Amino acid sequence: MSEVRRDPTTGDWIVVAPRRLERPWQPESFCPFDPGAPETGYGWDVLILPNRYPVVSPEAPAPQTDGFYEAVRAYGRALVVVETPEHNLDDLSDLPREQIERVLRMVRDEMARAASDPGVLYFLYFRNKGREIGVSLTHPHGQIYELPVVPERVARELERAEEYWRGRGRCLHCDVVARESASGRALLRGAYWAAFVPYYARWPHEVHVYPLRHVQLLTQLGDGELAELAGVLKAVLCALKNAVGKPMPYMMVLHQAPLRGDHRYYHLHFEIYGMYRPDGRLKYAASAETGAGIYTLDTTPEDAAERLKKALASCPRGIS
């Protein structure tokens with residue numbers, strides 16, 4: 001069974017989940033997410049299913065520790081968001097905007113349910129795309145981890161945002177959005193959302209998507225905001241597909257506040273990490289990135305933004 005262990009030297013949480021080795025790896029003949037599979041049935045357009053190889057579980061036992069190391073029970077739920085019955089679509093961006101909106105609504109509804117569980121502290125929604133970065137199943141899908149801890153990357157953002165809020169009386173992220181929207185790195189800006197390549201990008205084609213309204217949680221977004229978000233994600237992911245002449249593997253992660261506590265200083269956003277360099281080769285997180293946290297780019301955020309803006313020209317507009 002899983003448990004969540006803490007690195008005392010950094011504060012990072014590590015989920016130890018050996019059962020994950022059992023999951024199927026890119027099977028060619030059978031996909032458990034296809035219509036008619038034992039867990040899916042027929043007559044659906046979006047499904048949220050329990051992950052059969054979860055990193056957290058409501059049945060997780062209490063961890064065994066020696067009094068020096070810290071660990072917590074790996075309580076929670078791991079879910080798969082099956083975005084379409086169509087197996088052979090390449091990406092979320094290939095779905096109609098209305099279908100992407102349905103996916104987002106179902107994720108929002110699941111988050112509202114998770115918020116009522118006192119054992120769940122953080123709701124992590126993400127999707128991985130591309131065999132190159134190790135997706136185990138290629139059927140279009142995202143994932144949800146309902147976690148008993150706040151991921152360390154988000155915890156660091158929360159600390160920086162609170163420090164800025166207390167020192168200047170305003171939101172750090174709102175100031176980032178204002179600065180980026182006026183820069184050459186801006187990609188899209190609608191009534192509710194802005195998308196840009198950040199000045200501080202770590203990955204070769206990194207895009208951040210922010211609501212213009214200062215909100216902390218996905219459940220605070222209205223239907224109009226979700227509808228425009230669906231269009232913006234469709235356009236941005238389409239641009240990533242076209243930017244270097246071949247479909248780009250990427251990771252997309254929702255950063256939001258924890259489910260409990262006052263985090264009014266924080267600002268929800270999506271971070272999308274396009275993993276190909278400008279020459280179409282995969283960017284790896286090697287020693288400097290993984291061991292020291294020093295990311296190196298073989299391009300500039302400004303050049304990446306220009307490539308993505310050109311790629312956007314052949315994509316759905318994304319905003320009204």
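Where a number appears in this text, it was derived from the coordinates with a stated rule and is not lab data. Only a predicted model underlies this, so the values are computations on that prediction, with no experimental measurement involved. Note that we place each Cβ from the backbone using ideal geometry, even for glycine, and neighbour counts take in every protein chain shown.
Taking every alpha-carbon pair within region 97-184, the share separated by more than 19 Å comes to 63 percent.
Taking Cα centre as origin and charging only the Cβ of basic (Lys, Arg, +1) and acidic (Asp, Glu, -1) residues, the dipole magnitude of the chain rounds to 600 debye.
Per residue of the chain, the DSSP helices (runs of n ≥ 4 H) give a summed -39500 (n - 2.57) that works out to -8000 deg cm²/dmol at 222 nm.
Taken over region 145-214, the convex hull of the Cα atoms encloses 129 Å³ per residue. Please work out the C-alpha center-to-center distance from region 1-70 to region 136-161 and express it in whole Å. Using only Cα atoms to place each centre, the spacing works out to 13 Å. Comparing Gly245, Gly130, Gly274 in a Gaussian network model of the chain, where Cα atoms under 10 Å apart are tied by springs, the biggest mean-square fluctuation is seen for Gly245.
Which of the pairs Lys283/Lys310; Lys234/Lys283; Lys129/Lys234 have their Cα atoms more than 19 Å apart in this structure? The answer is Lys283/Lys310; Lys234/Lys283. With Cα atoms defining each centre, region 169-199 and region 89-134 are spaced 23 Å apart in the structure.
The Rg/Rh ratio of region 40-146, with both radii computed over alpha carbons and Rh defined as the Kirkwood radius, is 1.04. Scaling against 2.2 N^0.38 Å puts the C-alpha radius of gyration of region 176-320 at 1.05. Length gained on full extension, Glu70 to Asp90, computed as 0.36 nm times the residue gap minus the Cα-Cα distance: 3.1 nm.
Using Cβ point charges alone (K and R +1, D and E -1), the dipole size of region 138-201 about the Cα centre works out to roughly 300 debye. Highest GNM mean-square fluctuation among Met252, Met106, Met275, for the chain modelled with Cα contacts below 10 Å: Met106. Considering only Arg264, Arg108, Arg166, the mean-square fluctuation computed in a Gaussian network model of the chain, springs between alpha carbons under 10 angstrom, is largest for Arg166.
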